[in-house]
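Below is one structure, written out as structure tokens, with a few remarks after it.
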Amino acid sequence: MDALSALGTLLALPALAGINAYATVLTVGLLLRSGLLTHPIFADPAFAVLASDWVIGLAAVLYVLEFLADKVPAVDHIWDLVHTFIRPPIGAALALAGMGALDPDAGLPVLVGAALLGGSAAAATHLAKTTTRLVASNL
């Protein structure tokens, strides 16, 4: 596996989590469980937790709640505000989960760097989504 492919995967998942963390976790968990996710990064045991019944069930419930919250204008702004503190850590965790496959002996600086990149990618897409929603709802 080349480093560019791994970096793309490690940044794509956190970026998706910044838009909808629960849909990302649910989708990855279901794809892992079904065996359809075959990229070498997902062979890391850190991703195995996403395929557990508890994580899939909780992600599904939270996804439904987010889907419903998005339909009520005042609630969706509050939901996005609260998730400003939830989505970046989930993005950081997804990036860290993939570091084991990329470099099993990665030291602390590499792990911190991965967490910062993942959290930043999630924060950037979350900020873009939230800003667009705020502007669009006030027009």
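Where does helix 3-34 land angle-wise versus the long Cα axis of the chain, in degrees 0 to 90, nearest 10?
Its long axis makes an angle of about 60 degrees.
Angle between the Cα long axis of helix 108-137 and the longest principal axis of the chain, 0 to 90 degrees, nearest 10?
Around 20 degrees separate the two axes.
Give the residue from Ala46, Gly57, Thr130 lying farthest towards the positive end of the charge dipole for the chain; charges sit on Cβ (+1 for Lys and Arg, -1 for Asp and Glu) and the dipole is referred to the Cα centre.
Final value for the positive-end residue is Thr130.
What's the extension gain from Leu108 to Ser137 if we count 0.36 nm per residue and subtract their Cα-Cα distance? List each step's numbers first, then the result.
Details: separation 29, 0.36 × 29 = 10.44 nm, distance 4.26 nm.
Gain on extension, Leu108 to Ser137, equals 6.2 nm.
For every other residue with a beta carbon closer than 14 angstrom to the beta carbon of Ala74, add +1 if it is Lys or Arg and -1 if Asp or Glu, then tell me the sum. It would help to have the intermediate numbers written out before the result.
Working: positive: Lys71, Arg133; negative: Asp70, Asp76, Asp80.
For residues surrounding Ala74, the net value is -1.
What distance in nm lies between label points placed 7 Å from Cα along the C-beta direction at Val61 and Val75?
Label-label distance for Val61 and Val75, simple model: 1.7 nm.
Can you list which of the chymotrypsin sites (Phe, Trp or Tyr not before Pro) found in region 1-105 are DSSP loop residues with at most 16 other C-beta atoms within 10 Å? Walk me through the numbers on the way to the answer.
On the way: sites: Tyr22, Phe42, Phe47, Trp54, Tyr63, Phe67, Trp79, Phe85; in loops: Phe85.
When the chymotrypsin sites (Phe, Trp or Tyr not before Pro) of region 1-105 are filtered for loop state and at most 16 Cβ neighbours within 10 Å, Phe85 remain.
Expressed as an acute angle from 0 to 90° and rounded to the nearest 10, what is the orientation of the C-alpha long axis of helix 73-83 relative to the principal long axis of the chain?
In the chain, helix 73-83 runs at an angle near 30 degrees to the longest axis.
Please find, in a Gaussian network model of the chain (springs between Cα atoms separated by less than 10 Å), the residue of His39, His83, His126 whose mean-square fluctuation is greatest.
His39
In debye to the nearest 20, how big a dipole does the chain give about its Cα centre with +1 on each Lys and Arg Cβ and -1 on each Asp and Glu Cβ? Before the final figure, lay out the partial values.
Values: 5 positive and 9 negative charges, 67 e Å.
That gives a dipole near 320 debye.
Bear in mind these aren't lab numbers, they're just calculated from the coordinates by the rules spelled out. Not measured: the values here are computed from a predicted model. Positions of Cβ are generated from backbone atoms using ideal geometry, with glycine treated the same way; all protein chains shown enter the neighbour counts.
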